[in-house]
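Input: a single structure, listed below in C-alpha coordinates.
The values are calculated or read from the model by the stated rules, or taken from the named source; none is laboratory data. In this text the structure is predicted, and so the values were computed from the model without any measurement. So basically every Cβ, Gly included, is an ideal-geometry build from the backbone, and we count neighbours across all protein chains shown. Keep in mind that these areas ignore ligands, DNA and RNA; they rest on the heavy atoms of the full protein, side chains included. Shrake-Rupley method; radii C 1.70, N 1.55, O 1.52, S 1.80 Å.
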Amino acid sequence: MDAKVLERFPAGSPRGSWPAEEYAARRRAEGLPATVVMDLRSDAFLVVVPANDED
(Lines give C-alpha, C1' and ligand atoms only; values in the text may rest on other atoms or scores of the structure.)
Protein backbone atom coordinates (compact mmCIF):
# COMPACT_ATOMS: atom_id res chain seq x y z
CA MET A 1 0.00 0.00 0.00
CA ASP A 2 1.35 3.40 -0.96
CA ALA A 3 0.53 6.00 1.64
CA LYS A 4 1.02 9.70 2.25
CA VAL A 5 2.12 10.68 5.77
CA LEU A 6 0.02 13.51 7.17
CA GLU A 7 1.69 13.78 10.58
CA ARG A 8 4.25 12.07 12.86
CA PHE A 9 3.94 11.66 16.63
CA PRO A 10 6.65 10.31 18.96
CA ALA A 11 5.77 7.00 20.57
CA GLY A 12 6.65 8.25 24.07
CA SER A 13 3.48 10.23 24.75
CA PRO A 14 2.29 10.59 28.35
CA ARG A 15 0.12 7.81 29.74
CA GLY A 16 -3.49 8.20 28.63
CA SER A 17 -2.53 10.48 25.74
CA TRP A 18 -3.20 9.30 22.18
CA PRO A 19 -2.36 12.30 19.99
CA ALA A 20 -1.98 10.27 16.78
CA GLU A 21 -5.38 8.62 17.24
CA GLU A 22 -6.99 11.97 18.08
CA TYR A 23 -5.44 13.61 15.01
CA ALA A 24 -6.57 10.72 12.79
CA ALA A 25 -10.10 10.93 14.20
CA ARG A 26 -10.25 14.63 13.32
CA ARG A 27 -9.09 13.89 9.76
CA ARG A 28 -11.69 11.10 9.44
CA ALA A 29 -14.38 13.58 10.59
CA GLU A 30 -13.26 15.76 7.65
CA GLY A 31 -13.75 12.82 5.27
CA LEU A 32 -10.15 11.62 4.92
CA PRO A 33 -9.53 7.87 5.34
CA ALA A 34 -6.78 8.46 7.94
CA THR A 35 -5.11 5.51 9.66
CA VAL A 36 -2.48 5.31 12.41
CA VAL A 37 0.52 3.05 11.83
CA MET A 38 3.69 2.46 13.84
CA ASP A 39 7.07 3.18 12.26
CA LEU A 40 9.38 0.95 14.27
CA ARG A 41 12.59 2.41 12.83
CA SER A 42 11.81 5.94 14.00
CA ASP A 43 9.76 4.85 17.06
CA ALA A 44 6.89 7.06 15.97
CA PHE A 45 3.22 6.80 15.12
CA LEU A 46 2.34 8.00 11.63
CA VAL A 47 -1.07 9.21 10.49
CA VAL A 48 -1.39 8.17 6.85
CA VAL A 49 -3.89 8.27 4.02
CA PRO A 50 -3.77 6.25 0.80
CA ALA A 51 -1.56 7.94 -1.79
CA ASN A 52 -3.23 9.29 -4.90
CA ASP A 53 -1.80 8.22 -8.24
CA GLU A 54 -1.68 11.88 -9.30
CA ASP A 55 0.74 12.87 -6.46
**OP:** Being open to solvent by 70 Å² or more (accessible area, probe 1.4 Å) and assigned to a strand (DSSP E or B) is the filter here, so list the residues in the range 8-34 that pass it.
**Re:** Arg8, Pro10
**OP:** Hey, can you tell me all the residues within the range 10-44 that are aromatic (Phe, Trp, Tyr) and modelled with pLDDT of 95 or more?
**Re:** Tyr23
**OP:** Report, ordered by the first and then the second residue, all pairs with beta carbons closer than 7 Å, sequence separation of six or more or different chains, a first member in the range 3-26 that is on the phi > 0 side of the Ramachandran plot, and a second member that is part of a loop (DSSP other than H, G, I, E, B) and charged (D, E, K, R).
**Re:** none
Subject >> Residues of the range 28-54 satisfying the condition of being closer than 12 Å to Val5 by Cβ and charged (D, E, K, R) >> reply: Asp39
